[in-house]
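Q: Structure provided below as structure tokens; questions to follow.
What follows draws every value from the coordinates through simple rules; no lab data is involved. Computed from a predicted structure; not experimentally measured. We place every Cβ from the backbone using ideal geometry, glycine too, and count neighbours over all the protein chains shown.
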Amino acid sequence: GEGDEEVQYTDRGVDSASGRRKKDVNEAQGHGLCLSSGSAKGSQQQLGEACRRRRGRCIKTTGYCGSWKMRLGQAAATALLRLLLLLGLSTKGWSLRVSGVVVPSAVVSGSSVKLMCNYERNRDREDPLYSVKWYRGVHQFYEYIPGRKPSVRVFKLPHITVDQEGSSGPTVWLSQVTRGTSGIFRCEVMGDKPFFETDDHAVNMTVVDVPTWGPEITGVVKGTDLMHSGGVDRGQGRVHGQGVIQGSGVLEGARVRPGDVVAARCQVGFSDPPADITWTISAATPIPHTQIQRSRQTDQHGRRSQVSEVEAVVRESWFSGGAVTLSCHVEVSSVYHQATNVTLIHADHPQPAGFGWFSSGSSPWVSLSLLTIAMLLSLLLV
């Protein structure tokens, strides 16, 4: 009929009889091949649409329609791509790899820091080193290329100051680090041609602002018939529920009895991160029968000052040799450790060693009398 088109189809290279378009298309779909004679009465576009309706494809220039061959080609291309990707991953670090990155986890602000990148090569394929690069995060700040003159190049980065005189090869010295220097530091090594293989490793570093003063212990003792030689008189100190000690003074050498209440405060200067404060009594931690309260203050730079207050009932078991030691320990990250302590004297025991003769726990008149007697005896014996 009108609009029909005569076509030819081949089965594996063997010519077959011609027929009408519908029959040709159906048979072509079955064999996977469809060739247009170009002498059709109708449109080749209709033939192409018929092929596509049967999940085939038609190349208009030749009239070629073969879905199975197209799919086979796509599968081969996908397999080749996967093979290349697998080969690329398997060769990463074949001849050159990072064996270790030495970066301190925490350092004190203002100090100098050494960054080391260790790498090794495959004995079976020792490609020469092309470059070593250092990054903080995604930003590069150092590059070493042994085949270039000069071999070291430094890139500007906020809070990163490279000591170029001290830095060489894969080793970098940073000077005057600040809190802004903190971050993830990554070393990347690259081999030379023809493969330019790369490997890298990253380590986090934190810069710490440590306290500039402290720790300091102050406090009061509450009890009956107490003698205070550390500057705190009876009735001056009061402990409030909000963690505020009023009328506090030096506890060193204060005389106490079991059942008395010791209220002490330990304070340390501003730091970032904030300090961790712990208490011990005669080397025991934590202090038994205590209440501990903590508070913080923040300065304009975001650093925090820590205050820890403890209230404890004195126990007979705390004393050793007529004295008990109250200690405050301060720690900031892993780079700052400080401790201070005060010694309290048992009021019913003789003066312990180290607290006589003008010590904070003895009477100056008694000590002066003993000194005078000792001098007279020494003169008589001469």
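Q: Find the residue count for segment 148-179, including only residues that are farther than 15 Å from LEU115 by Cβ, touching a residue at least 40 places away in the same chain (Cβ under 8 Å) and in contact with an Asp or Glu (Cβ under 7 Å, 6 or more places away or on another chain).
A: Selection size over segment 148-179: 1.
Q: Return yes or no: is VAL138 under 25 Å from the mean Cα position of the chain (by Cα), surrounded by fewer than 19 Cβ atoms within 10 Å (Cβ to Cβ) and among the β-branched types (Val, Ile, Thr)?
A: So VAL138 fits the description; yes.
Q: Name the residues in segment 307-330 that are polar (S, T, N, Q), closer than 15 Å to PRO286 by Cα and assigned to a strand (DSSP E or B), would you?
A: SER308, THR325, SER327, listed by residue number.
Q: Restricting the search to segment 106-120, which residues are of a type in the set (D, E, K, R) and not in a strand (DSSP E or B)?
A: none
Q: Pick from GLU143, GLU188: which is touching a residue at least 40 places away in the same chain (Cβ under 8 Å), more than 30 Å from ILE277 (Cβ to Cβ) and not in a loop (DSSP other than H, G, I, E, B)?
A: GLU188
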